[in-house]
Amino acid sequence: MTTASDNHPLPEPAVAQEPVGRSGSIVLVLLVAGAIVAAAVGFMALGKAQAQPYIVGLLALLAMVGLFMLFAFATGIVRFADRATDNPLMRPIADHAFDGIAVTDSRGHVVYANTAYLTLTGAASVQDVRPVERVFIGNPDVSEAVFRLLKASREGKRLQEEVRVAGPDGTQGRWLRMRVRPLDDAKRKAKFSVWSVADITRDRERQEDVFKELQHAIEYLDHAPCGFFSVNASGDLVYVNATLANWLDHDLAEIGSGGLKLGDIVSGDGAALLTSIVPAPGEVKTEVFDVDLRMRNGRTMPARLFHKLAFGADGAPGASRTLVISLARNERADPQRSAEVRFMRFFDHTPMAIATVDKSGTVVRANARFARLTQDLKPGAANSASILDAVNEKDRAALAAAITLAAEGHGDIAPVEAALDGAKERWGEFFVTGVSEPGDAEAAIVYLLETTEKRSLESQFAQSQKMQAVGQLAGGIAHDFNNVLSAIMMANDFLLNAHKPTDPSFQDIMQIKQNATRAATLVRQLLAFSRRQTLRPQVLHLGDSLSDLTMLLRRLIGEKVKLDLVHGRDLWPVKVDVSQFEQVIVNLAVNARDAMPNGGKLTVRTGNVSAQDAERLPYKGMPAADYVRIEVADSGTGIPPEIVDKIFEPFFSTKEVGKGTGLGLSTVYGIVKQTGGFIYVDSEAGKGSSFVIFLPRHEAEKEAPAEASAANGKEASPEAKPRAADLTGQGTILLVEDEEGLRSLNARGLRSRGYTVIEAANGVEALEELEANDGGVDLVVSDVVMPEMDGPTLLKSMRSRNPDIKVIFVSGYAEDAFAKSLPENQQFAFLPKPFSLSQLVAAVKETIAA
C-alpha cells in the first residue's frame, strides 16, 4: 500500500477547474500603447478626410474588445489577479505535501487534489478523483465520522476525525486522520472547503506498542512481591497495586473509584507521619516509616514504607510513590524483625507524643502521635521542622533552655508546662531527656503530654469550689441576717400597731419597714445563689409563661430596645418555681438592657434539645439528657473575656457604684442550679452576649413519687390563700428559738393575739416543757438550727411521744436543707425567715385549724 509517507517519487499533481493566478507583463502593455500611438500619428499624416474611416474602424475595434472583456469578467472567464496571494511557493508546498489535500466547492465537487490525496483514495488519474464521502461510501466504520465532517464543512467549521479503515478480504486495515476547514474567511472563498487525509497507521501502531508495554509494566507492578500505592495531597489513594490490595483484603475496583483514603489503610496516627514531611520547594524527598496497616476486617499488619514525595516550585506536594514491605511474614523466624515490629508498635501507638531533636530544636525523628498533634495545632499549614514552633511564643524560651540542658548532658530536667501554638487554647507538658551517644545529631528526646483537658477540669473544679465556698458563706450570712431582720420586722410591727397614721413618727416607722423589706429581698437573693431558698416547683409550659411576661419585659427594657420572642414548636414541660423562673428572665433582660444604652435587640428563644443533640453540644459539665433550652441574647457591648468567669459571683458588678447590687446574675445562677438546670454564657466584646439555660425535661410518670415526697412538708404561706380578717385565736403554743430577743418578740406578738405561749431556748428545754404540759400544747413553733438539739431531732422526739402534735418550722435556710434528715411521712408546716407579725399569726392560726 502506498501512503503519503512512503519515500517514492511523486507524480505530477492533478488540477481540475480552479484557475491559477498568473503574473502580468509590462512589456505587453507598452507594446499595445505604442501601437495605438503609432496609429494615431499615421492617421494625422493622412489627413482628416482620408483618416476618418480608419479612425472609426479602430474605435469600433477597441469598443468590441472592451465589451468582450466586460462580458468575460462578468461571467468569470477573466479575473483580476490578487498579487498579494500570488506566491509561487504555495503551489509546490500543497502539491507535494505528505498529507492528502483536496478542495471542494459548495456542491461537493473536487476543484483541487494533490498527488497524496489521489494515492490515499486510490484514484488512478484526475478523472477518477472523488470527494471523501464518495470514497468511503458504504463503509460502516467510517460513515458516521464522514457525516460529522460533511456537516462541519457545510457550516464552515473545523473538525477532525480518526477512523480505522478495514483492509480488503479481512486483512489488517489502516488508520486515517481526516480534517476539514473552510478555505478562507473571505466571502468568495468561504464556499470552498479544504480536506486533508493522513495515514497515521504507524503512529497508532507505536501507541499500541507503548500501551502494551505499559500494561505489562502495570501487570509486573501489580504482581510484584511487595506492595505499592500512591496518595495525593488530599489524602486520597489514587493507585494501589494488586499485591497490597490482596494483603489488606480490599477490592481494587473500590480503590480505583476513589473510595479509600490514606487513613483507611494506615492504623492509628500513622497517616500523620506520611503527611508530616517538611516541604522543600523543587526537591524530592524519600522517608522510611514503620507503621501498622489496617486490613478491611480491622486487623493490623506491620509494614515498612519507603515514601517518596516530590514538591513543586511553590512547595506544594505532588502524588507520592510509596513502596510497602511487609514485616509480618517470617516474623517468628526472624527475632530481629520481631523486635523491630514490637518497638515500632510501642513507639507509634503510645498516647504520648515523642520526638528526638538536635541542639536547635529541629525534629530528627518523631512518632505518629507527635505528627498528629502538630498537624492538629495548625490545620492546613505547612509542616515545621522545629519543635519550638509547636509552642506559644511566650513559652518557647523555657523549652529551648530545657533542650540546651539536655544537650549538655544534664539530668533531672524539670518538666516544662507550655501553651501550644494554635487557633484554640491548648496546653502541653514537655519532658526532656538527653541522648547518651556523643556526637549524635539527636541531642535530646522530648516527650509531650497534652494537658488541655486536665487544665480545663482543674479550672472547672477550682471555679466550682470557689462558687461553693462563696455560696456557703453567703448562705450563712443570710441565715444570721434573717434572724436580725425578723426581730426588726417584728418590733416594727409593734410600733405600727401602737402608732396611728397621723402620728409624726409614723412615716419614720414605715421607712424602717420598707428598708427591712428591701434587706429581706437581698437576703433572698443570697439564698438563691447559695441554693438554700425554698422553691415551690410546678409543671410549666415555658411558651405560655414567657408570653405572659412580654408586657413586663417591654416596660423594663424601654422603647429603644426591640424585644423578639421566638418560641420553639411543641416545647416539653419543665418543673420550676414560676416566680423564680420569672425572676431569672427579668434579671437577664435588665442586664441586657443596661448593655445596650443606645438601643438594640433582645431575643428570647426557646426550643427542645434531645439527649443526642445535648451530647454533641460544646458545653462542659452537662450530662446527655432531654432539655428545654432558653436563650436570652442581646446585641449590646458584650462581656470582656477576662471577666466572663466572674460574672456569676455575688457582689461582682461592672456598673457604677449605686447602680447595681452585683446579685442579679448570681441569683440567676443559683435558681437555675437549684432547679437542676445549667446556664452558660457566650459573649464577644462589641458584638453582644447570649445566656443559654438548659432546664431538664419533666417526665409525667415521675410526678407521682415527687408529689408524695413534697406533701411531707408544706409551706404555711398566708399569701397563698385569702388572708383572714380576724387573726386572733386561742391555744397553747410552745415557741422554741435560740435567739432570745427574737423569741421574746415572737412570744409577745402571739400573746397579743390571744395565744398562750411557752418559751424554750433549745430542743432540750422544749422537751422538758412538753413533758410539764402533757397534752396541753396545741402547736410547736420551732427554729431549725439550734444548739444542743436542732429542730429535726426535736420533731422526732416529740412525734415518738405524741404522733399527732402539730409543728411549724421557721428558718432562714430552705426547707430542703433539713427535710432530707427527717424520716419519711413526717407532716409539718414551714415558714421562711424573715417574717412579719401578721405572717406568723396567720401561719399559726392556719396550722391549728388544719
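The values are calculated or read from the model by the stated rules, or taken from the named source; none is laboratory data. All figures in this text were calculated on a predicted structure; none of them were measured in a lab. Positions of Cβ are backbone-derived with ideal geometry, glycine not excepted, and every protein chain shown enters the neighbour counts. We work out accessible area using only protein heavy atoms, side chains counted, and drop any ligands, DNA or RNA first. Shrake-Rupley method; radii C 1.70, N 1.55, O 1.52, S 1.80 Å.
If I model the stretch 267-351 as equal point scatterers sitting on the Cα atoms and use the Debye formula, what is log10 I(q)/I(0) at q = 0.25 Å⁻¹?
-1.20
Under 17 Å from a point 7 Å along the Cα-to-Cβ line of His541: which residues of the stretch 554-588 have their amide N that close?
In the stretch 554-588, the label zone of His541 (backbone N under 17 Å from the point 7 Å along Cα→Cβ) covers 566-576, 578.
Between Ala624 and Val37, what length comes free when the chain is fully extended (0.36 nm per residue of separation minus the Cα-Cα distance, one decimal in nm)? Could you put the intermediate results ahead of the total?
Values: separation 587, 0.36 × 587 = 211.32 nm, distance 11.94 nm.
Here the answer is 199.4 nm.
Kindly report the accessible area of the stretch 179-316 per residue (heavy atoms of protein chains, probe 1.4 Å, no ligands, DNA or RNA), in Å².
Here the per-residue accessible area is 54 Å².
Could you please put Met789, Met344 in sequence from largest to smallest accessible area, using a 1.4 Å probe? Before the final figure, lay out the partial values.
Working: Met789 30, Met344 10 Å².
If we order Met789, Met344 from most to least accessible, we get Met789, Met344.
Taking R0 as 41 Å, what FRET efficiency do you get between Val364 and Glu642 from their Cβ-Cβ distance, rounded to the nearest 0.05?
0.50
Applying the Karplus parametrisation 6.51 cos²θ - 1.76 cosθ + 1.60 with θ = phi - 60° to the phi angles of the stretch 792-807, what ³J(HN,Hα) value in whole Hz is obtained for each residue in order, glycine and proline being reported as x?
Once θ is set to phi - 60°, the couplings for the stretch 792-807 become x, 5, 4, 4, 4, 5, 5, 5, 5, 9, 9, x, 9, 5, 8, 9 Hz.
Amide H neighbours of Ser386 under 5 Å, at least 5 residues apart or on other chains, H built in the peptide plane: list them.
Val363
Put Tyr669, Tyr220, Tyr117 in order of accessible area, largest first, 1.4 Å probe: what do you get? Walk me through the numbers on the way to the answer.
Details: Tyr669 35, Tyr220 160, Tyr117 0 Å².
Result of the area sort, largest leading: Tyr220, Tyr669, Tyr117.
If R0 is 25 Å, what FRET efficiency do you get for Ile137 and Lys157 from their C-beta distance, rounded to 0.05?
On the way: r = 22 Å, r/R0 = 0.90.
That gives a FRET efficiency of 0.65.
Rounded to the nearest 10 Å², what accessible area does Met301 show when all protein chains are kept and the probe is 1.4 Å?
Only protein atoms counted, so the area is about 10 Å².
Starting from the stretch 572-642, pick out the trypsin sites (Lys or Arg not before Pro) whose DSSP state is loop and whose Cβ has at most 13 other Cβ atoms within 10 Å. Don't skip to the answer; put the middle values down first.
Numbers: sites: Lys575, Arg593, Lys601, Arg605, Arg616, Lys620, Arg629; in loops: Lys620.
Listed in order of number, the matching sites are Lys620.
Report the gain in length on full extension from Thr452 to Asp480: 0.36 nm times residue separation, minus Cα-Cα distance, nm rounded to one decimal. Intermediate results must be reported in sequence, preceding the final value.
Details: separation 28, 0.36 × 28 = 10.08 nm, distance 4.21 nm.
Net length gain for the segment: 5.9 nm.
For Val590 and Glu429, compute 0.36 nm times the residue count separating them, minus their Cα-Cα distance, and round to one decimal in nm.
Numbers: separation 161, 0.36 × 161 = 57.96 nm, distance 4.39 nm.
That pair, Val590 and Glu429, stretches by 53.6 nm at full extension.
Of the listed pairs Lys646/Lys673; Lys212/Lys308; Lys212/Lys285, which have alpha-carbon separations greater than 24 Å here?
Lys212/Lys308; Lys212/Lys285
Residues of the stretch 565-651: accessible area per residue at 1.4 Å, in Å²?
Values: 4200 Å² over 87 residues.
Accessible area per residue: 48 Å².
At a probe radius of 1.4 Å, what is the per-residue accessible area of Met90, in Å² to the nearest 10?
110 Å²
Taking Cα centroids, how far is the stretch 569-610 from the stretch 761-805 in Å?
That distance is 45 Å.
Whenever you get a sec, line up Phe691, Phe431 from highest to lowest accessible area (probe 1.4 Å, protein heavy atoms). List each step's numbers first, then the result.
Working: Phe691 15, Phe431 70 Å².
Result of the area sort, largest leading: Phe431, Phe691.
Could you tell me what percent of the accessible area of the stretch 585-630 is made up of carbon and sulfur, with a 1.4 Å probe and every protein chain present? Could you put the intermediate results ahead of the total?
Values: 1010 of 2110 Å².
Answer for the stretch 585-630: carbon and sulfur cover 48 percent of the accessible area.
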